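Below is one structure, written out as structure tokens, with a few remarks after it.
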Amino acid sequence: MDETSDTGTENGHFVVCGLGRFGLRIVELLREKELPVVVITNAATRTDRKQQVIALGARLVEGDFRFPESLRAAAVEHARALILASSADAANLETALDVRRISPHVRIVMRLDSDKLGERLRCDFGIDAVLSPPVLAAREFTRAALDTQPLVLPPRASSDSTPRLPRRLSLDTPPQVHGTRTGGPRVIAVTLVILFLMGVAVFQHTLGLSLVDSIYFTTTIVTTVGFGDINLQYEPALVKLFGSLLMFSGITLIAVLSSFLTNFLLSGSAAKLRAERAARRYRGHVILCGLGSVGFEVAEDLLARRAKVVVVDQTPGDVHWANLSSRIPLLVGDATRPDLLFRAGIDRARALIAATSDDAINLEIGLVAQSVVEERRPDRPMRLILRCFDPDLASRIHAVSDAYTLLSSAEVAAPIFVEHAIASEATDNDSRPAPVIGQECT
């Protein structure tokens, strides 16, 4: 185990476990308040983050925070609070239970990306706060998207500085409102109907059948049922040949049409078509691009506020998709394509949220959406909220343009974790900050 420090460990310090973007931001906020901090992180952590922690004046303990020797090196039994900031929910829970057993007085603030068990953990195991960064961030994304303050139209950019759309599709391309190809099945169905009508006409004329009997006889031939009550045994050769052709053509076309319909239903094309039709009826809705942990919580929060939502995501079929598919339109595809944004109703939406886990993709979605808005609805600006991990990128974009709102789950959630961690002992009982997840213990 390796320890590095600029300051010695003292009673009442704060122990931070995990040094990802989120953990590093928590350390920065604690040090801004000049509070003593000890960070436990493993040897695989990026060197620049370790150096930054040391430069901030925190003490660094290298090791697995689940191991007793790492906790002893961080003097967790004398700490004021333990903040479990790792993205590994199981490791956070294991450590929280161990620390609560050996140090009942230490305040524990635990990260749990899924909010389903937060209330039970707090009530049953005495964990002081169980917080979910995606849930905390979702509220800020929702607030920005549903902001009722009027938007100020940004100045029209010059042709040299206007973001260029990808060459694969320009705004001059007419938006495709249907995402499924129905040309093949439609042709087959029309051909089958024509053959059926021809059969009715031929049999009515040559056999002297009534219209109803002709329809009945044609149906038995096309479907190859052949009850035998009406047959072509004594009819002219041409009529027999026509009947044979009708049999082969009918069964072939029905088989092909059935395969198309089966594929249409089982491949999800029917659900996609329903989603696009539902999206076309929406007005003043929010387009949400990306359905990861943050995107899912944003969608849930928007639904809780009775806002209309259309989701665009490239990876259907996960648990988030299954949870939302029956409640909101879910479109499959690349949100950087203008035609897909049109199908999501960008010309009628109030806001767009790009919540994928890639800053570059979120920025591209925002640029394409802004280009569409300037082209199609220049008098009705749209709120564009982009998820951004890199604070430097966010500050640079905000410095040159106010058309975009860039938010980071770490930036939103970290101050709340710190607030719960530094809660004074006077608020440790009934008046301690209410947990963000769940209701009061009963």
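The table for this structure:
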read-out: For LEU406, residues with placed amide H under 5 Å, excluding near neighbours; value: LEU386
read-out: Packing-based order for 383-395, 70-82, using average beta carbon neighbours within 10 Å, highest first; value: 70-82, 383-395
read-out: Three-way shape label, the stretch 1-145, alpha-carbon gyration tensor, a/c 1.5; value: oblate
read-out: Rounded to 5, the percent of DSSP beta bridges in the stretch 1-143 classed as antiparallel; value: 15
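Each value in this text was obtained by applying a stated rule to the coordinates, not by laboratory testing. A quick note: this is a predicted structure, and the numbers were derived from the prediction, not measured. Reconstructed Cβ throughout: ideal geometry from the backbone, glycine too, with neighbour counts over all protein chains shown.
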